[in-house]
């Protein structure tokens with residue numbers, strides 16, 4: 001799946017000259033869309049990320065998507081950096097959380113439902 005590969009490539013890029021985004025954000029998996037129809041447009045697929053502590057980040061469409069309204073990769077990574085700066089971590093004793101970085105007006109956060117299960121690409 002090329003969208004997952006594009007997302008992985010963006011996350012293994014260096015963020016500070018030393019560490020990759022994957023390591024800096026303490027990620028453990030790319031979450032694939034639950035259902036993919038054979039005729040579904042690949043540009044419509046939305047991906048997620050799982051942190052090492054079990055929180056899930058709703059990423060959105062793959063890098064390079066031409067979907068109207070999709071935020072740029074650089075903006076999504078900036079939002080994740082700011083979130084970690086403000087909260088110290090994506091995970092804490094009250095989590096895990098579902099963190100949605102897709103909205104135009106900032107980040108939404110809620111508790112992750114225990115019955116949420118996606119196919120994981122590790």
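What to note about this one:
- Evaluation of residue 68 against (1) closer than 18 Å to residue 106 by Cα; (2) at pLDDT 90 or above (one fails), failing number: (2)
- For region 46-65, the candidate set comprises residues that are buried (at least 17 other Cβ atoms within 10 Å of the Cβ) and in a loop (DSSP other than H, G, I, E, B); within that set, the residue that is modelled with the highest pLDDT is 55.
- Total residues in region 79-108, condition part of a strand (DSSP E or B) and either at pLDDT below 90 or farther than 14 Å from residue 54 by Cα (or both): 2
- Among (1) modelled with pLDDT under 85; (2) in contact with a strand residue (DSSP E or B) (Cβ under 9 Å, 6 or more places away or on another chain); (3) surrounded by 11 or more Cβ atoms within 10 Å (Cβ to Cβ); (4) part of a loop (DSSP other than H, G, I, E, B), the one test that residue 43 misses: (4)
The values are calculated or read from the model by the stated rules, or taken from the named source; none is laboratory data. As the structure is a computational prediction, the values presented were derived from the model and not from experiment. All Cβ positions, even for glycine, are placed from backbone atoms using ideal geometry, and neighbour counts span all protein chains on display.
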